[in-house]
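Working notes, structure below.
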Amino acid sequence: MIVGDPAARLRIARATYMARGTAFGWERSLVAEDGGRVVGMVARFPQPEWGRVRLRTGAVMLGAAGARYAVPLIRRGRLEERAMAPIPPGRMYVMSLAVDPSCRGRGIGARLVDAVTVEARAGGLDAVALDVAEQNSGAIRFYVREGFTKVAEGRVPMTRTTPAVAMIRMERGV
Ligand SMILES: CC(C)(COP(=O)(O)OP(=O)(O)OC[C@H]1O[C@@H](n2cnc3c(N)ncnc32)[C@H](O)[C@@H]1OP(=O)(O)O)[C@@H](O)C(=O)NCCC(=O)NCCS
């Protein structure tokens, strides 16, 4: 885990959600509600926004993380970027998808992905794309069941100071 302290993790997540222009921010998020409670969210943006949101997200996360976590966060960000295939034009990119653990298996994740797909189609895009860590087998199973297929993969081997990173790019046509 990059940021071990739960309070620091929450601080970073909150700052990144509340700030404008970030990849995980409220402007780019759809939430699922159940009885007024947020039970899931998806953050997405069309491919041309990637360059801009990438820089802004990094800056906000680092600002919220503070000096203690800055170096490991920068290191991890660089590794993930190296492992990430370029996002081709015509894609709606899903940066983050999560459902409250107590509400999983009820179709909420599927509905969030469907909402993004409808939006991508309405915007004249070709596909919804995302990256998932190779070891996240539960999420990969979910995406396959929802009609996503693997289109690329990226690997950065382990070094003396950094762990291996393996990301799978998956897409679903709209
Ligand atoms: C992946 C995730 C968004 C799916 O949301 P969900 O609302 O449970 O999805 P659905 O109810 O539409 O589909 C459930 C399917 O997801 C898969 N799944 C993955 N993790 C699961 C979990 N912890 N609990 C239940 N289902 C899970 C199962 O294959 C399940 O299919 P099944 O019902 O046939 O067993 C959710 O499990 C999650 O938030 N995971 C943690 C965050 C994550 O890994 N996000 C993806 C990062 S790229």
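The values are calculated or read from the model by the stated rules, or taken from the named source; none is laboratory data. Computed from a predicted model, the values in this text were never measured in an experiment. Cβ placement follows ideal geometry from the backbone for every residue including glycine, while neighbour counts extend to all protein chains displayed. Heads up: the accessible areas ignore ligands, DNA and RNA and are worked out on the full protein's heavy atoms, side chains in. Shrake-Rupley method; radii C 1.70, N 1.55, O 1.52, S 1.80 Å.
Remarks
- In the stretch 79-114, the residues that are open to solvent by 60 Å² or more (accessible area, probe 1.4 Å) and either polar (S, T, N, Q) or within 13 Å of the ligand (Cβ to nearest atom) (or both): E80, P101, S102, R104, G105, R106, R111, D114
- Residue count, the stretch 125-139 (criterion: under 15 Å from A166 (Cα atoms), near the ligand (Cβ under 9 Å from one of its atoms) and not β-branched (V, I, T)): 6
- Checked against the criterion of being modelled with pLDDT under 95, touching a strand residue (DSSP E or B) at 6+ places or on another chain (Cβ under 7 Å) and closer than 26 Å to T161 by Cβ, the candidates A83, A65, A8 yield just one match: A83.
- For the condition within 22 Å of E153 (Cα to Cα) and open to solvent by 30 Å² or more (accessible area, probe 1.4 Å), R76 qualifies.
- All positions within the stretch 125-158 that are open to solvent by 70 Å² or more (accessible area, probe 1.4 Å) and of a type in the set (V, I, T): V144, T149, V151
- Tally, over the stretch 115-124, of residues that are within 13 Å of the ligand (Cβ to nearest atom) and loosely packed, with under 15 Cβ neighbours inside 10 Å: 1
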